[in-house]
Each structure stands twice: as structure tokens, then as C-alpha cells.
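What follows is a set of notes on a single structure, which appears directly below.
The values are calculated or read from the model by the stated rules, or taken from the named source; none is laboratory data. Quick caveat, the model's predicted, so the values are computed rather than measured. Cβ coordinates were reconstructed from backbone atoms using ideal geometry, including for glycine residues, and neighbour counts include every protein chain displayed. Remember, those area values only see protein heavy atoms, side chains included, never the ligands or the DNA or RNA. Shrake-Rupley method; radii C 1.70, N 1.55, O 1.52, S 1.80 Å.
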Amino acid sequence: MINKLKQRLFNDWIKPSQLKQAGILNMNKRNVDYIARYNDRSAYPLVDNKLKTKLVLKEYEVSSPKLLEVITEQHEITGFRELVQKLDGFAIKPAKGSGGKGILVITGRDGDAFVKPSGSKVDLADIQRHLSNILAGLYSLGGSPDVAVVESLVRCEPMLANYSYQGVPDIRIVAFKGYPVMAMLRLSTQASDGKANLHQGAVGVGLDICTGQALHAVQFDRSIEHHPDTGQPLNAIKIDDWHKLLVMASRCFEATNLGYMGVDIVIDEEHGPLLLELNARPGLAIQMANGTGLLPRLHAVEALRRPHFTAEERVAWSMAQLGTADKQTDQPEAKTELTEPVALGV
Amino acid sequence: MSRHSKTPFYIATLMLIFLGIALAVLRNQSMGVPWLPGVQQPVWLVDARIDFQAWGDPVTVSLNVPDNAPGFATLSEQAASPGYGFAITNNKGDRRAEWTIREAEGPQTLYFKTRMIPTSATEAAETGTDAAPLPTQIFLEEPRATAALTLIEQAGSRSSSPTSLARELISQLNSPKPDQNTQLLLSDASKIDTLYQLLNYANTPARIAEGLVLEDARRAQSLQPYLQIFDGESWVTFNPRTGEQGVPENTLLWRQQSGSLLDVVGGSDSQIHFSILRQTIPALQVVRAEADANNLGALSLYQLPVEQQSMFRMLLLLPFGALVVCLMRIIVGIKTSGTFMPVLIAVAFVQTSLLPGLAAFISVVTLGLLMRGYLSSLNLLLVSRISTLIVLVIFITVGISVIGYQMGFATGMTVTFFPMIILAWTIERVSILWEEEGAHEVLVQGGGSLLVAVIAYLVMSSPLAEHLSFNFPELHLVVLGAILLLGQYTGYKLTELRRFSPVRKYL
């Protein structure tokens, strides 16, 4: 018993030098050297408001779930029934919500009642109260008044949906100065209550930035092989249309001018990849899912003497330079970087 | 997106830290404010007792009292003398204590008490002497004049300066086999008077000072004469018995001016005795007394009214609490609910003391959470929900205080020290955390907050922190610099070394 306690206390530690060797980006460094340095504060309202994000990204040909309705005033709520009359499924989101708070997903109808993904039913009055709460700012950052966004329902590609428990799996891509540097697939679990937030217990599956092939999987920052609820092996996952996803993520840089951000994408069975939201403070757990640190990749991008101007070029560079493929050749990454801008020069 | 060079920032921060330390060292060196609380400093308590017989007439007693005695600073002076008027006069550097009474008869006893602190300054500046003093005119009759001249010539041929001349003369007068001239001179004058005459005769300003050898628990001591000569810049003291230069250790020069030691008008048979006692008192008290006396403490917080002082005592501790929070969050990586809530809780702990404070805090938050559970089902707007919580928290604190008091626990009253608004917000945050992240996260963040609060409390309530923050306010520049530097720390947090430990597998 005491030995077990000792083991828990003393064995699960790693030396700072080892972390450095692995190139793990830590919280303080992320905040000071990346977020504070590359993310202009004036760009925050854009990403903190889902409605604004959606409208801006549309101009940059980044598609997102179809906007059905925006409810800005309390009196519009009474007319909600007419709005959703024809709809089977939809999602209600607070524009300024964070971390998936206040999102209500309706997948179908059962008579007058609305069916949630978990199978439980809510009636119209429940939805109207939820809308009222959103407008009052219950879910927004700092409690400021908000608007409710009604979007068409994302129907996840069945292949991916199989892996997840209830919620729609999404793909988080960290883009640094417009270069996709790391990616992972987030699968909700029973522990995460159908949400795709890693710190709530969702499973993170690291994705090879070159191919979209699964690398490792983690839950609560610890390695796992199979999904805890669906029991699916996680190493077989491969994302289709990987290049398209990366280009989407890369375009968000031009749209928002945020140097360091997380781009969340879902794959709709009908419309293909759709952008869900942007995050100006993406978490660090993505490194655990990939089994490698962000720092070498970030340094490689910072070392570029001549950045590429189009999303396609940046993605091509990232896929060629940053994946695990070039790492396996055991070539020091920095060395290849230096010659690169010349080779790819426009 | 700006990418300034950080060098100016680091230079400015280091200058801030350096300035803080330098000011503190200066305060320590020049004003003697001790680094540690409870440092004791020796103080000599000297009692001068004057006895005389009064004739039944108006009486004036005048006593020379120490003024700028080398190696000592006066901490306090007081006179004990029933029925006498008392004043301290200062006439051209001659500082005197004066007792006066309209009528007195029979044996009289007057006391003059002074407390002296040893200081490092060996020669205090003489006040009231702007021009260099002139030698006193001495007229000697034959054959003493010839003897004196011969002696001065002998000594003068072996010396180069007023000080060496004085040394020579003292050694001649002290020699075990005095020559004829010396014997002649010493035949009808004391050694110290002879020295005084000889030196002034040789055109070297000289005077006789009187000193008291300080030894603990001595009574009925009298003053010893010392020779002082003016070497052109300052008065130099010699011990006429040994020829040693400088004021001997633990010797208080009671009288340095030429005036008399004691004058009694309207009485006779006057006598003066000294008794000496060695005490130790907190060094801080000495500093405060000195600052009050000299108006030196303009920068010290002790000049403020006492009520404001106690407020500043608390305020000046807050930066230490903020530093603890910075360390815990940036270096260690402990999660807390509300960034500086732990500091405010720690401030309350300082007033309530730790265990009663912890008990009161936990019980208020628990009761509040139970009530908040009902509130959340009411779907209130945020502002009115928090307002309701504030009112409820006040009800809870009043309830705890009254019930505790009825049950005989006075500690129940301490709950009022907690900031109500902060408590209400804490309850709100914990409640939301519970709903959204579950009980585990509540335990992690709540425990983290309490841990940080307890550490901040331990730091803030330590006597050293209180002493340093109040007596060396400039040390807060160092705290500020440390906090600024912490804001630049981009290294791993302690908790991250555990969080990222699975990385070992991929190395």
C-alpha cells in the first residue's frame, strides 16, 4: 500500500531536460512566447464570437455549418416554433460561449418533442428557456449579453462517428502563422459527457500532419489503445481529404490574423469538412496525443526566412517538413529548414 | 504581435531590485533599523544623584549633562526632583540641566537619568564651535615657568604634532622616575591640571573633560578627568593616566565643555554620584525613539498616526501574498479558483488565526453551496444571483457568530473578518465548477486555493515578513521586481513535469 503510494508520488515524474529534449511546449512558454507575441488582442472578439467567425471565414472560402437563424432579441423567441417547423435537426449555440457550454443539439423530432443525441427528449418550452438563458449571457464569457445561433445539424461521416460515444468527433489543428503544425482527432466519451473537451475526459488521437493517419491516443493525458466506450481500436483511423482540411485551417490565418490558434473542424457526411470554431488559446494536450512536442515545429516555422503567401503553399511546406516521416530519417529538423524557403521559393 | 527586445526590461527590473536592496541596506546602516525582528540593543542607564544642604532660600542647581558624547547617543533624559522646576538649557554648546525652587531647606536629593546607546561614531561633531578654539592664557610664576618651558622643550624636540606633544608630556609626567622639573611641577598641582597648563602654555588648545567608566550595576561612581587637545581639526581625547589616545571603550564623556560640572546656588555640601545599569531593549524601539527625537524618520511609516499604521501593516503584507500566488501558479502550477482569492482569504486568516479561520471558511462556503443549489434551479440572472448570495452569506456569518457565541465559542465571531463579497463569488465559482466539471475539479481547485491561502498566511503572519515589510517598505521594490521577472518565466511548471511524464515513452 505504502509502496504503491510511493510509486504514484515519485515515479510519474519527468525531468525538465527530458521534456526539453522532447520539445514539449509548456503553459508559461505558450502564453508568453506564442499567444502574447503572435495573437493580437484586437483579433480576440472575432474568435470569441462564433457568429463573427462564421461570417468572416465565409469570405475566405472556409465553409462552416449552415447558418439557419440568429436570435438576438427576447421577443423573437416566441416565434421560434415557426422557425424550426420544417427542420429535423439543428444545433443552438451561444455566440460567445466557450468550451462547448450552452450548446443544445437536436437530432430529430418525436411528435411535438425534440430528441437530443443521447435519446432524451425536450419540449419547446425547454428550448425557449434555453434560448432565453443564452440571450441573458448565462454561457458567455464574463456573463455579457449574447445572441443565439441556430445552425443546421452536422451529420458526422459514419466511419468516424463509429469511434465516438454520442458526440460528433472533431479535428483540432494547431496553425502557427498559417502553417498547420499539429493535429488531433477528439472523440467524446461517457466520461466527457458527449463533449469533445480533452480535459473533461475526451479521447485525443494524434494525427500525422502529412497523411492524417492516427499516431497515438490519450485520455486524461495517459496513453490508451482502444476507445473506452466503443472499444474501437484507435490506431487504424485515417482521415480522408486530409489536404483539404489543412488548407482550411491554413486559410483561417488570413481571415483572423491570429498567429497561434486552434482550428476545430468536423466532417459532415454530405458537405465534407466544416469549420466549427477557432480558439486563440489552444491547449497543450495535443502534444501528448501526438507523442511529440510542438516546439521543434514552431521553431521550424519561426526560422523560415521567407514565409509562403498562399494556404496551399504553406500546407505543402508543412506536409513536407513537419510530419513524422522526415523525423524517422533522423535528420535534424532545423537543418532542412534553412534550405527550404529557397527550394520552395515562389 | 510586437516583439520588443527584453534587455531594457531586464535592466530596469534588476535596477528596481538593486534600488530596493540598496535603500534597505542604507536604512539598516544609517538608521540602525535591524534586519531581524526582536534584535536587542544594549542601553546604558546612567543615574546622576545630586545631594546638597539647602539654606531655606531660592535654590538653583545647574548640572552639565552629556552633549554629543563620542561613541554614545542619547536615547532619553529625565529628571526626578519633587517640587523643583526643571529645564534643559543650551548656552553656546554648554548643555545644562537646571532645577529651580522658590524655597528649600535641609538635605535635598535630585536625580538626572539618561539612557545612552553605544554608537559606532567615535568622534561626534562638536556643536557651537565654528572657529578653531584658542589656547587658554596661562601665567606661571618662577620657578615653575622655567620648569614648564624645559619640559615642553624636551617633549617638543621628540614630537612633531600637537597629539604627539601631548603623548610625550603624559609619558614624562607618568614616568616612574620623574626628573626634577616634573617633580617641581607636580608638587603643588595635580597631574591633569599640570598637563592642562603645560599644553596651553605650549600654545596647544587643551581642556579637561570628565568621563564615566560604564560598568554594569555600579553605584556611587564619580567622574574621571580626561585630557582633550585640539589638533587643528577636532578635539582628541587622551587618558592622562595611561597616555592612550581616544576615548576608552565604555567610557562616557559626561562633560567636555569648559563650564563647571555642578553649580548649586542657595545650598552647600553638594555632592554628585553616578550609578550605572546595563539594559537591553529592542533595537527597533531605539530607532523609533531616535527618529522621533531627530525628525530623521521622515520616510518611516512610524510617523503616521497609529490607526493608519495598523492599516498599512496589513496593506504592506499583501505584496508578499501576491508573490506567493505568483510562485504557486507560475512555478508550481497549483490551480486556484479565482486568481487572488487565496490572498484575501489569507488576510482574513491573519486576523482569525489559522484553524478557526479554516473552520469558519469551510463551513460558510459549504452552507452557501447548499443554498446556491436551490438558487440555480430558479434560473436567476447573474447579478441578482450573486446579490442573493451576498445576502445569504451575511445571514450565514451572523448565524454562525450568534450560535457560536451562545454555545460559548468566541471564535465563531471571527467569521466576520472574511470579505463577504469574495465569499459570495467563491461560492458562485465553486458551484459553477461543480456543475460543469464535476466534484473532482472542485476538490482540486478548492484544495489548491486553500493550500495557497495557507502558505500565503504562513508567509504573511511570520514575524520576519511583518517586520521587513513595515520597517523596510523599499523591499517591496524587490518583491515587485521578482513578480515582474516571474511574469517572464517560460520554463516548465512543477505540475507539468508530472502531467507530461508519459512523454518518456516517445523519447
In the neighborhood of B:TYR492, defined by Cβ-to-Cβ distances under 10 Å, what is the net charge if each Lys or Arg adds +1 and each Asp or Glu adds -1?
+4
Between B:ARG498 and A:ARG281, how high is the FRET efficiency from 1/(1 + (r/R0)^6) when r is the Cβ-Cβ distance and R₀ = 22 Å? Nearest 0.05.
0.50
Quick one: which residues, 5 or more positions from A:PHE176 or on another chain, have an amide H under 5 Å from its amide H? H modelled 1.01 Å from N in the peptide plane, none for Pro or chain starts.
A:VAL181
Given a 1.4 Å probe and the protein chains all in place, what does the accessible area of A:ARG281 round to, in Å² to the nearest 10?
100
Roll a 1.4 angstrom probe over the protein heavy atoms and tell me the percent of accessible area of the protein assembly as shown that is carbon or sulfur.
58
Pair B:SER171, B:SER462: separation of 7 Å Cα→Cβ label points (nm):
5.6
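What is the extension gain from B:ILE21 to B:VAL332, computed as 0.36 nm multiplied by their sequence separation minus the C-alpha to C-alpha distance, in nm to one decimal?
Length gained, B:ILE21 through B:VAL332: 109.3 nm.
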Nearest-0.05 FRET efficiency for B:SER160 and B:VAL39, computed from C-beta distance (R0 41 Å):
0.40
I'd like the Karplus ³J(HN,Hα) series for segment B:261-269: coefficients 6.51, -1.76, 1.60, θ = phi - 60°, whole numbers in Hz, and an x wherever there's a Gly or Pro.
6, 9, 10, 10, 10, x, x, 8, 6
Nearest 0.05, what FRET efficiency do A:MET159 and A:LYS86 give at R0 = 35 Å with Cβ-Cβ as r?
0.75
Less than 12 Å Cβ to Cβ from A:ALA161, Lys/Arg counted +1 and Asp/Glu -1: what total charge do the surrounding residues give?
-3
Search the structure for amide H atoms under 5 Å from the amide H of B:TYR226, placed 1.01 Å from N in the peptide plane, and list their residues when 5 or more places away or on another chain.
B:ALA209, B:GLU210, B:GLY211
Which whole-angstrom value gives the distance between the alpha carbon centres of segment B:383-458 and segment B:60-77?
59
Given labels modelled 7 Å from the Cα in the Cβ direction, how far is it in nm from B:GLN279 to B:TYR10?
5.3
Under the rule a/c < 1.5 gives rounded, and otherwise a/b versus b/c splits prolate from oblate, where does segment A:109-238 land using the Cα gyration tensor?
prolate
B:HIS273 accessible area, assembled protein chains, probe 1.4 Å, Å²
60
Each residue of segment B:456-462 in turn: what ³J(HN,Hα) in whole Hz from Karplus with 6.51, -1.76, 1.60 and θ = phi - 60°, glycine and Pro shown as x?
4, 4, 4, 5, 6, 8, 6
Computed accessible area, A:THR107, all protein chains, 1.4 angstrom probe, square angstrom
50
Label points 7 Å out from Cα along the Cβ direction at B:ALA87 and A:GLU225: separation in nm?
10.3
q = 0.16, 0.20 Å⁻¹: log10 I(q)/I(0) that the Debye formula gives for segment B:311-473, counting C-alpha atoms only
-0.94, -1.28
Segment A:66-153, accessible area per residue, ligands and nucleic acids excluded (1.4 Å, Å²)
47
In segment A:200-241, what residues drop by 30 Å² or more in accessible surface going from the chain by itself to the full protein assembly, probe 1.4 Å?
A:GLN200, A:ASP221, A:ARG222, A:SER223
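So if each residue of separation counts as 0.36 nm, and I subtract the Cα-Cα distance between A:LYS244 and A:LYS52, what length gain in nm does that give?
Gain on extension, A:LYS244 to A:LYS52, equals 66.8 nm.
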Could you give the spread of the C-alpha atoms of the protein assembly as shown along their three principal axes, from largest to smallest, in whole angstroms?
137, 75, 55
